[in-house]
Structures are given as C-alpha cells and as structure tokens.
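Heads up: the structure comes next, in structure tokens.
Computed from the coordinates by the stated procedures, all read-outs in this text should not be read as laboratory data. Model, not experiment: these values are computed from the prediction. Note: ideal-geometry Cβ built from the backbone for every residue, glycine included; neighbour counts use all protein chains shown.
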Amino acid sequence: MSKHKNHKRQEVAAGEPAAETPVSEPVAEAAPEAAAAVADEAAPSPEQAEVAALKDRYARLLADFDNYRKRQAREREDLGKRANESLLEDFLPVADHLEMALAKAADPADPFVVGVGMVYGQFIAALEKHGVTPLDAKGQPFNPDWHEALSQVPSDTVAEGEVVEQFRRGWCVGNRLMRPAQVIVSSGKPHD
C-alpha cells in the first residue's frame with residue numbers, strides 16, 4: 001500500500017500550499033453524522049416553518065388590506081362623482097333653455113339679452129369647472145354613440161351621414177357621455 005492512502009488533502013489559507021494530514025478512522029466514521037447535522041440545520045424546524053408561514057400570511061393580509069383601502073377610496077370618489085353627475089344632469093335643461101332664449105332674442109344688443117348672455121356664460125363656466133363640457137355636433141359625422149338622430153333630411157350642401165342641425169346640445173363629463181346630442185342627419189342629395 002501506498003503511504004498516501006490514509007491521508008486527506010486539506011485546504012489552507014490563501015497563499016499557502018495544501019498539506020496532507022493523516023486521517024484517523026473515528027473521524028472518517030463521524031463524517032456522515034456531520035453531514036446529517038449540516039442537513040438538519042438547512043431544513044427548517046417545524047417552529048421555523050410555522051413562523052415563515054405566518055410571516056407570509058401577514059404580508060399577504062397587509063397587501064390585501066392595502067388593496068381594499070385603495071378600492072374603497074376609489075369607490076367613494078366614484079360615488080361622489082356619480083352623485084354630482086346626477087345633480088349636474090338636472091341643470092342641463094336650464095342651460096338648454098338659456099341657450100334657446102338667447103337664440104330667439106329679437107335684439108341681441110338689448111341690455112336684458114346681454115344680461116341673460118352673461119348669466120349663461122357663468123353657468124357654462126360653472127359646469128365646465130366640474131368637468132361637464134358641451135358636445136357640439138353640427139357639421140360632424142353622425143356617431144350613434146354620441147348623437148341621437150331625430151330625423152334625416154336630404155341636403156344639397158351637407159354630405160350624407162353628417163349632422164345638418166343640432167336640436168339639443170350633448171354633454172360629457174370627463175370622457176363619458178352624460179347626454180347625447182339630438183340631431184338631424186343628412187341623407188345626401190335629394191333623388192329626382
């Protein structure tokens with residue numbers, strides 16, 4: 001037998017060469033037990049596993065609660081907006097009537113008509129302050145998502161499918177339609 005058979009190579013600090021040291025039999029038998037002890041240290045104990053599971057559950061509950069809080073804030077904001085929308089929608093006929101009164105005025109220079117025009121301007125500014133904007137349809141292509149067609153009329157000057165006249169103005173709140181514009185749509189040139 002070679003004299004190196006019962007020797008084990010050991011690593012030493014950086015820069016020093018490795019040296020061979022003799023290994024006795026009891027140490028060689030203890031190596032599997034040491035490996036098992038290291039394996040036991042790597043595997044979590046039941047208490048550690050329970051703690052890890054509880055920490056994970058706690059983190060998930062915190063995330064769920066944060067999502068719930070954000071969702072509730074959005075829902076409260078949406079509820080407020082919808083309540084305001086209902087109120088603002090009730091004011092739209094007032095704007096329509098002021099607009100019709102101004103359009104039918106005999107003398108636009110009359111101080112009364114000028115005063116009504118100022119009130120109308122303030123009213124529209126107040127609506128726009130709350131995100132309500134008018135939707136003017138005259139001269140636009142007919143869009144059933146934004147317009148309500150009352151009738152169709154032939155027209156020599158307006159192309160087929162375009163709005164000839166707007167009977168009642170439409171209104172939007174943000175990017176959503178509150179009320180469609182009531183329009184009369186061109187059916188194109190009359191057929192002889």
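Quick notes
- Between A109, L62, Q122, the Cα set farthest toward the positive side of the dipole of segment 56-130 (charges on each charged residue's Cβ, about the Cα centre) is that of L62.
- Put a plus charge on the Cβ of each Lys and Arg, a minus charge on the Cβ of each Asp and Glu, and nothing anywhere else: the dipole of segment 133-192 about its Cα centre is then about 360 debye.
- Among V114, V183, V164, a tally of other beta-carbon atoms within 10 Å of each Cβ gives an order, fewest to most, of V114, V164, V183.
- When L88, L177 are sorted by how many other C-beta atoms sit within 10 angstrom of their C-beta, beginning with the fewest, the order is L177, L88.
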